[in-house]
Structure formats: structure tokens, C-alpha cells
Amino acid sequence: MGSTLCTVFLIMVSTMFSVSSSSLTVGFYKNYCPSVESIVRSAVIKAVSRNPVIGAGLVRMHFHDCFVRGCDGSVLLESTSSNQVERDHPANNPSLRGFEVIDEAKAQIEAVCPKTVSCADILAFAARDSAYKLGGVYYAVPAGRRDGRVSSFDEVTQNLPPPFFNSEQIIALFARKGLSADEMVTLSGAHSIGVSQCSSFSNRLYSFNQTHKQDPSLDPKFAATLKKKCPNGAARAPAVALDPTPDYLDNKYYIELTNSRGLLGSDQTLMSSSSTKRMVLNNAKYGSIWAKKFAKAMVRMGSIDVLTDEEGEIRTFCSVVN
């Protein structure tokens, strides 16, 4: 895709690969609830057309769900008086958006196919439909996930990479989930859509380390622009776009990294090691190839530690266990 940032492309990919895809099947609901994918797609397109940030939030929500307890819909559960859940963790709130889209789709599905479709599958479909709406990236989603019954606030920190991780730490975390370094760099391209809070990167502007107040890997002109948007010590500041085209899922993210304009430290660090730097440069140069890899990596990620068959449950409401 290169520098033609708004070009819409369509990728159909095989799904004969996965972390554990043998337990999931494309067309799983064909005989049980044939309208499920169209219902989810309609809900996503309606919401993302109104606010593209919702699409970025749904893609991120799927990632955050899969990395904590596997792709089991645990990120959708709400806290109770006795349990604080994943979605309330600072890594998820307020960065994840679109819970209402999942709830709307679930309600429509329950009306026609009660107790049949898991919230985890709805989220996987919604992430795919968001990627297609924002960037034309389409892939078949193997389904058959079941919903988990447990969600823990404390498990988020152990499983999601914070914005200050270096490339080696991120590679190690992804490896624990069965994903390669190349898949990690590929999936990081999702940071071409959406926004980030100033608190996620302000240390790079004002308190990087004892030697440098400002992160030396940050383009000085870009840093000056960010300081205007995120004043030092400001109690509240608006969210900042992750790249110049936050409403388009494309390879602009990698181009920005090559110019030292990665917003998060964990993004810019991909240029600091020779192996990941080479991957970034390739993705920046060959946008259509990155898009195909992204589709495949999303299928792989969507198969992490899934619950199937008699495991877990099919929730009636995505925010509470049955």
C-alpha cells in the first residue's frame, strides 16, 4: 500500500494455521445461527461510521482479551462488589471502547439464537469487521470459543505489555502466548488507528531518565508538538492520535517509526534492535504484504488459549456470568 494511505484493499486469507485453531472452525455457526456474522457486522459498521475510534477500541479489546486468560470474553465482564475485573484496569480504561457495540450485537443475536453464540466469538467478529471498515483488511474468523467465568484486575499487569517495554521484553511476552517476533511487530501495526492518553508517553517528553529529560529517540519537532498537546503536569489533557491517520488501518505507523515519530516508547523501541528494525522497514515499504500478515496474525492471536466444547459457558449477557 506504501504511502497511499487511504487505499482500500481486500485480503482473503486461509485460516489453516493458528495457535490452537484445530479447536475452532470457520463457519462454526452456519447451522446454528447463520445470521450471527451479519448481525455483528451491521452493529460494528453503524458504530464505527459514527466514530472511527470505536473500531480501534474493538481491535484493541480483542487483543487485550486474548492476552489475559485467552480469548474468552473475560475483558467484557463488569466488576462486582467482591471482584474487580480486567476492564477497570488502567491499561483498559479508558483505552478500550465499544463495549456497547458488543452488547447491542449480543442482544440482537440472543433474540434469534438464544444461548448459542459466545461473547468471545462476537468480539472476534467485531475486531475483524473493524479492521475491514477502517482498512479493508478482511479474514475469515474461526469460531467456537466459549466464554470464561473469571476476570481479574491483577492479571492484566502480568499479561499486557506496558508502554515503556523494550523490544526484547515485548518479544518475550508475545512468545509466552505462542506468537513470534514477526507476529508481534505485525500486530503492533494496529497502533495505526486510535488514540492514546498523554499519561502513556509523557515521560518521554519530560522525565525520560537521569541523563535525558526528553527521549533522545524522539524526533525533536514531533516532541515539541506533543508538548503543546500534553503540557507538563497538566491534570487533564486530550487524547493524542497514535499516527497522522488514526482513522485508517494502514502501514503509516511503520513509516512514522522510521522517522522517529512513534508515540509510545514500546513502539519506537522496535527500531532499536536489528531484528525488529528490519521488520519495521519491510512493513513500511510493503504495505500490502503487511496487511496480509496482519490478517494472518489476527487469526493466530484469536486462537490463544480458547475455551471450547464443554469448557466455560455461553453468556446470556456479555457483562455478567450466567
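Toward the positive end of the charge dipole of the chain, with +1 on the Cβ of Lys and Arg and -1 on the Cβ of Asp and Glu, the farthest Cα among Q210, F28, H191 is that of Q210. Given +1 at the Cβ of Lys and Arg, -1 at the Cβ of Asp and Glu and no other charges, the dipole of segment 130-278 around its Cα centre is 280 debye to the nearest 20. Residues whose amide H lies under 5 Å from that of V195, counting only those 5 or more places away or on a different chain, are L242; hydrogens are built 1.01 Å from N in the peptide plane.
Peptides 301-307, 279-285 ranked from most to least packed by the mean count of surrounding Cβ atoms within 10 Å: 301-307, 279-285. Since only Y132, S151, S118 are under comparison, the one whose Cα sits farthest along the positive direction of the charge dipole of segment 116-158, derived from C-beta charges on Lys, Arg, Asp and Glu, is Y132. When the solvent-accessible area of the chain is split by element, carbon and sulfur atoms take up 53 percent of it, the probe being 1.4 Å. With all protein chains kept in place, the per residue accessible area of segment 193-322 amounts to 48 square angstrom at a probe of 1.4 angstrom. Protection proxy ranking for 311-318, 174-181, using the average of other Cβ atoms within 10 Å per residue and placing the highest first: 311-318, 174-181.
Take every Cα pair under 8 Å whose residues are at least 6 apart in sequence, average their separation, divide by the length of the chain, and the relative contact order is 30 percent. Karplus-derived 3J(HN,Hα) values for segment 107-113, using 6.51 cos²θ - 1.76 cosθ + 1.60 with θ = phi - 60°, are 4, 5, 5, 4, 5, 10, 9 Hz; glycine and proline are entered as x. Taking the Cα centre of the chain as origin and assigning +1 to Lys and Arg Cβ atoms and -1 to Asp and Glu Cβ atoms, the resulting dipole is close to 1060 debye. Taking amide H positions as modeled 1.01 Å from N, with prolines and chain starts lacking one, the residues under 5 Å from V26 and 5 or more places away or on another chain are A143. Taken about its Cα centre, segment 206-307 carries a charge dipole of about 160 debye when Lys and Arg each add +1 at the Cβ and Asp and Glu each add -1 at the Cβ. Taking amide H atoms as placed 1.01 Å from N in the peptide plane, the amide H of L307 lies under 5 Å from those of R146, each 5 or more residues away in sequence or on another chain. Between the Cα long axis of helix 274-285 and the first principal axis of the chain there is an angle of about 80°, rounded to the nearest 10. The C-alpha atoms of the chain define a longest principal axis, and helix 287-301 lies at about 50 degrees to it.
The values are calculated or read from the model by the stated rules, or taken from the named source; none is laboratory data. For clarity, every value in this text was computed on a predicted model and none was experimentally measured. For neighbour counting, all protein chains shown are included, and Cβ atoms are generated from backbone atoms with ideal geometry for every residue, glycine included. Surface areas here come from the heavy atoms of the whole protein model, side chains and all, with no ligands, DNA or RNA. Shrake-Rupley method; radii C 1.70, N 1.55, O 1.52, S 1.80 Å.
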